[in-house]
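Heads up: the structure comes next, in structure tokens.
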Amino acid sequence: MESSINIDGLFEKTSDYLENRVELLKLQAVDSSSELVSSISSKLILAVIVIFFLVLLNIGLAIWIGDTLGKMFYGFFIMAAFYLLIGLIFYAFRDKWLKEPIGNYIVRHLLK
């Protein structure tokens, strides 16, 4: 009779342990996810601000170059060619410069 009570107690403690362990894993997943989302959100907001700055700067540079060359559209063509060149370079190195660092960043934050 006493051994069945010990076994029942053991099963109950094991069940409680497993429930607590599952709850802990859920909380850790929520913590990692919320940290990742907040980090990405803050970086996204900063990126939007930088993009607005760069767009306005590029419009100003295009107008200035066009004014210097005598025709406004020359400045915009030169800026477009510059960004085409930058885009081709990024395309060629996209895995090394973008895919790997972003993937590593996400994994690092999820495993933290």
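Please count, across the chain, the pairs of lysine residues with Cα atoms under 28 Å apart that sit 8 or more places apart or on different chains.
Number of lysine pairs found: 8.
Please find the FRET efficiency linking LEU61 to SER33, where r is the Cβ-Cβ separation and R0 is fixed at 30 Å, and quote it to the nearest 0.05.
0.15
Any idea what the dipole of the stretch 32-110 comes to, in debye rounded to 20, about its Cα centre with Lys/Arg Cβ at +1 and Asp/Glu Cβ at -1?
Magnitude of the dipole: close to 120 debye.
Any idea what angle helix 2-69 forms with the longest principal axis of the chain, computed on alpha-carbon atoms, 0 to 90 degrees, nearest 10?
Rounded to the nearest ten degrees, it is 10.
Can you give the FRET efficiency to the nearest 0.05 for ILE51 and LYS96, using r as the Cβ-Cβ distance and R₀ = 22 Å?
0.45
Translational D (Stokes-Einstein, µm²/s) of the chain at 25 °C and 0.890 mPa s when Rh comes from the Kirkwood sum over C-alpha pairs?
For the chosen part, D equals 126 µm²/s.
Values quoted throughout were computed directly from the atomic coordinates according to the rules given, and no laboratory measurement underlies them. Please read these numbers as outputs of a predicted model, since none were measured by experiment. No Cβ is skipped: glycine too gets one built from the backbone with ideal geometry, and neighbour counts run over all protein chains shown.
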